[in-house]
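To keep things clear, I will list the structure first and then write my remarks on it.
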Amino acid sequence: MQQAIPNIRKTVRQNQPLIHCITNPISINQCANAILAIGARPMMAEHPKEVSEITRTAQALMLNLGNITDARMESMLISAQTARKQNIPFLLDAVGIACSTLRREYVHKLLDIATPTVIKGNYSEIQALYRESYHSSGVDADASLDIHTIDHAAISLARSLRTIILASGKVDIVTDGNRLYHIHNGTPQLSQITGTGCLQGALCAAYLSAKPDMDAVITGCAVLGICGELAQIERGTGTFLCNLMDSLSTLTDAEIEQNLKLEEISIERI
């Protein structure tokens with residue numbers, strides 16, 4: 001697995017893939033800059049009359065439910081269907097489905113049209129997708145949810161939906177239902193600026209263009225987590241954000257090898 005990360009990063013830098021993102025205006029700038037920082041090209045088109053055309057030209061697609069609107073809901077359905085028809089890998093970031101019936105019902109509607117290559121959410125969002133009765137307040141993860149609970153939910157969802165599940169949190173959980181990994185990289189400062197969860201989804205989508213499997217998702221999580229660690233400062237969230245973007249554009253394979261905290265978990269233990 002560790003050998004796959006530099007190869008995936010190199011492929012993205014060499015190919016400069018177009019990554020189509022339909023995401024929220026809160027994080028759109030950070031997502032675009034993060035994609036540029038790792039060597040890919042962002043396209044943030046969201047008008048329903050053009051998204052199918054844009055998606056067809058992209059090498060990967062990211063759909064993000066944050067700050068949802070009627071227009072983006074229509075556009076995401078169109079792009080998901082296009083991605084399915086064109087065999088383009090795509091990531092769905094199920095932002096807010098733990099606190100919004102509208103978003104939860106919308107995700108199920110989208111899943112009826114096309115199964116994403118990756119479904120991403122924080123612990124609460126993955127639990128909400130797994131258990132219909134679960135609800136939480138706001139878009140932040142419920143601190144009471146433990147890793148074992150989310151491991152079980154993620155594995156079950158991956159198997160039932162036949163997709164990759166990314167549950168983001170203090171420990172990022174990635175599974176395809178057969179393999180399970182924990183990525184322990186990161187810093188609490190990542191939660192002190194808005195949009196880093198969306199940024200993680202953008203990175204994963206970009207790496208899916210190189211290798212549409214778990215390795216790409218792990219690469220995205222590892223890159224963000226390690227860059228967050230390298231960007232840490234004693235105070236100043238604005239400076240941290242600048243440091244984070246700098247780290248994304250200058251991160252070396254040696255720094256990844258030195259700092260990666262990746263753990264493979266036996267499925268049988270869950």
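Worth a mention:
- Normalised by residue number, the volume inside the convex hull of the Cα atoms of region 127-270 is 120 Å³ per residue.
- Computed magnitude of the charge dipole of the chain (debye, nearest 20; Cβ of K, R +1, Cβ of D, E -1): 600
- Percent of Cα-Cα distances greater than 24 Å, calculated over region 1-152: 36
- Peptides 253-266, 181-194 ordered by average Cβ neighbours within 10 Å, highest first: 181-194, 253-266
- Here Lys10 is the anchor, and the lysines within straight C-alpha reach of less than 28 Å, apart from those fewer than 8 places off in the same chain, are Lys85, Lys120, Lys170, Lys211, Lys261.
- Overall form of region 197-260 per C-alpha gyration tensor (a/c, 1.5; a/b vs b/c): prolate
- Entry note, region 139-270: relative contact order of 25 percent, from Cα contacts under 8 Å with a spacing of 6+ residues.
- Every helix of 4 or more DSSP H residues in the chain counts as -39500 (n - 2.57), and over all residues that averages to -15500 deg cm²/dmol at 222 nm.
- Normalised per residue, the volume of the convex hull around the Cα set of the chain (Å³): 113
- Region 83-98 and region 112-136 have Cα centres separated by 12 Å.
- Sum of side-chain charges, Leu102 neighbourhood, beta-carbon under 13 Å (Lys, Arg +1; Asp, Glu -1): +2
- Of the DSSP H helices in the chain, those whose Cα atoms cover at least 15 Å axially and whose Kyte score averages 0.5 or more: 147-161, 196-208, 214-231, 237-250
No value in this document is a laboratory result; all are computed from the given coordinates. Quick caveat: nothing in here was measured; it's all calculated off a predicted structure. FYI the Cβ positions are ideal-geometry reconstructions off the backbone, even for glycines, and counts take in every protein chain you see.
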